[in-house]
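The values are calculated or read from the model by the stated rules, or taken from the named source; none is laboratory data. Nothing here was measured: the structure is a model prediction, and the numbers come from that model. All Cβ positions, even for glycine, are placed from backbone atoms using ideal geometry, and neighbour counts span all protein chains on display.
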Amino acid sequence: MKRLLPHPLLTITLALLWLLLVNRLNPGQLVLGALLGWLIPFATTPFWPEHIRIRHPLTLLHYVAVLVIDIVRSSFHVARLILVGPARLRPAFIQVPLALKTDLAISLLANTISLTPGTVSVLLSEDKRTLTVHTLDTDDTVALVAEIKQRYETPLKKIFEQEDKPC
């Protein structure tokens, strides 16, 4: 079964994304979405460097909800900053020390930061222990680092890296 359906969660996600993109729910689009959802993971399996295991699916759902809320909230904040004018901006580069170890989790953290308006991931250190982030406006860099670690890094560590505790 694993050979025919190598990434079932990705298959479902891609099929749903297809249906959202075409904005139609008819039999042809369902079949095409299912075909693309199966074909893309099946064709790209040799390129996946590691097996992905989601250890806490409910934490993943919570993480996605937090991310969507943060994107919307940050969009309004950045719009307000633009309307007020650039003279009041307090941009900064910050160093975020990483507790994440896997490439997937680090990549998701960097992408999450870049997806959130007002921040962008700039550089990952060679040893993969520090992520440099540029922020459009902050008055407290220490608080921003703590927020990134608490809202994004901690859940990602739990979802992809934390081992389940034996009973």
message: Restricting to the stretch 130-165, name every residue that is surrounded by fewer than 16 Cβ atoms within 10 Å (Cβ to Cβ), closer than 24 Å to Leu60 by Cβ and touching a Leu at 6+ places or on another chain (Cβ under 8 Å).
response: Glu161
field: Residues located in the stretch 83-98, provided they are farther than 26 Å from Leu109 by Cα and at pLDDT 90 or above
entry: Leu83
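Against the condition in contact (Cβ under 8 Å) with a residue 60 or more places away in the chain and either aliphatic (A, V, I, L, M) or out of contact with any strand residue (DSSP E or B) (no Cβ under 8 Å at 6 or more places or on another chain) (or both), how does His56 come out, does it pass?
yes
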- prompt: Given the structure, is Leu32 modelled with pLDDT of 95 or more, surrounded by 13 or more Cβ atoms within 10 Å (Cβ to Cβ) and either over 26 Å from Thr119 (Cα atoms) or among the acidic types (Asp, Glu) (or both)?
  reply: yes
field: Selected residue [out of contact with any strand residue (DSSP E or B) (no Cβ under 9 Å at 6 or more places or on another chain), in a helix (DSSP H, G or I) and in contact (Cβ under 8 Å) with a residue 40 or more places away in the chain] from Leu144, Leu109, Leu83, Leu104
entry: Leu104
- prompt: What are the residue pairs meeting all of these: first residue in the stretch 21-47, first residue under 15 Å from Thr11 (Cα atoms), second residue surrounded by fewer than 12 Cβ atoms within 10 Å (Cβ to Cβ) and modelled with pLDDT under 90, Cβ atoms under 8 Å, and 6 or more apart or on different chains?
  reply: Phe42/Leu4
message: Give me the residue from the stretch 3-29 that is touching a helix residue (DSSP H, G or I) at 6+ places or on another chain (Cβ under 6 Å) and not in a helix (DSSP H, G or I) and, out of that set, surrounded by the most Cβ atoms within 10 Å (Cβ to Cβ).
response: His7
Subset of the stretch 114-141 [outside any loop (DSSP other than H, G, I, E, B), in contact (Cβ under 8 Å) with a residue 40 or more places away in the chain and under 13 Å from the mean Cα position of the chain (by Cα)]: Leu115
- line: Across the stretch 35-63, the tally of residues that are under 17 Å from Glu153 (Cβ atoms) and surrounded by 12 or more Cβ atoms within 10 Å (Cβ to Cβ) stands at 6
message: Of everything in the stretch 81-113, what is farther than 21 Å from Asp140 by Cα, in contact with a helix residue (DSSP H, G or I) (Cβ under 9 Å, 6 or more places away or on another chain) and of a type in the set (S, T, N, Q)? Give them in sequence order.
response: Thr102
query: Taking Thr44, is it modelled with pLDDT of 90 or more and out of contact with any Gly (no Cβ under 8 Å at 6 or more places or on another chain)?
result: no
